[in-house]
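Encoded as structure tokens, here's the structure I'll be asking about.
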Amino acid sequence: MAPIRQVPTITNAAARQIVDAAVTAAAAAGQRSAIAVVDAAGQLSAFTRMDGAPPQAIQIAQDKAYTAAGFGMPTGQWHDFMTNDSPLAMGAPGGIARLIPFGGGLPIIIDGHAVGGIGVSGGHWTDDTKVAEAAINAIG
């Protein structure tokens, strides 16, 4: 067995396309958002804060993207996990750094591989999720 592995990850060009698509979707919805795209390792690749987006949205968007990429699942699924698992509910929010347990973060899946994540913050988490979905769908 080879002592290394190769991990597919999103390119910066694709990350910027996703951010641009998210800005378009947020603007169409009348939402001012911070939008972050991270690579497969959870490292920031592309980011913007739209005019008027709250300053707190900067960190929240990055943490949503980090959570989605790291676990390969939407951030909104964490609520259900924690609701049905009291030890997880007690330990995860304070014990897992940067964990965001509400919607607005999605993994970016290309050819069956989780290659990164997007995080959107600025509206209600349901609206953030819609912007993230629109951005991912825009790049195919």
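The values are calculated or read from the model by the stated rules, or taken from the named source; none is laboratory data. All values derive from a computational prediction rather than experimental measurement. Note: ideal-geometry Cβ built from the backbone for every residue, glycine included; neighbour counts use all protein chains shown.
With the structure loaded, tell me whether residue 51 is modelled with pLDDT of 95 or more, of a type outside the set (Ser, Thr, Tyr), surrounded by 13 or more Cβ atoms within 10 Å (Cβ to Cβ) and closer than 24 Å to residue 139 by Cα or whether it fails that test.
No, not satisfied.
Right, here's the next one. Would you mind stating whether residue 80 is of a type outside the set (S, T, N, Q), farther than 15 Å from residue 36 by Cβ and at pLDDT 95 or above?
So residue 80 fails the test.
Could you tell me whether residue 101 is in contact (Cβ under 8 Å) with a residue 24 or more places away in the chain, over 21 Å from residue 137 (Cα atoms), surrounded by 15 or more Cβ atoms within 10 Å (Cβ to Cβ) and not hydrophobic (A, V, I, L, M, F, W, C)?
Spelling it out, residue 101 is indeed in contact (Cβ under 8 Å) with a residue 24 or more places away in the chain, over 21 Å from residue 137 (Cα atoms), surrounded by 15 or more Cβ atoms within 10 Å (Cβ to Cβ) and not hydrophobic (A, V, I, L, M, F, W, C).
Listed residues 116, 94; which is of a type in the set (Gly, Ala, Ser) and exposed (fewer than 15 other Cβ atoms within 10 Å of the Cβ)?
94
Go through the stretch 113-140 residue by residue and tally those that are in a helix (DSSP H, G or I) and of a type outside the set (Asp, Glu).
Qualifying residue count, the stretch 113-140: 11.
Please give the helices (runs of 4 or more DSSP H) falling wholly within the stretch 1-112 in which 2 or more residues are at positive phi.
Result: empty, no element qualifies.
Working carefully through the options 40, 28, 21, find the one that is over 13 Å from residue 119 (Cβ atoms) and exposed (fewer than 14 other Cβ atoms within 10 Å of the Cβ).
28
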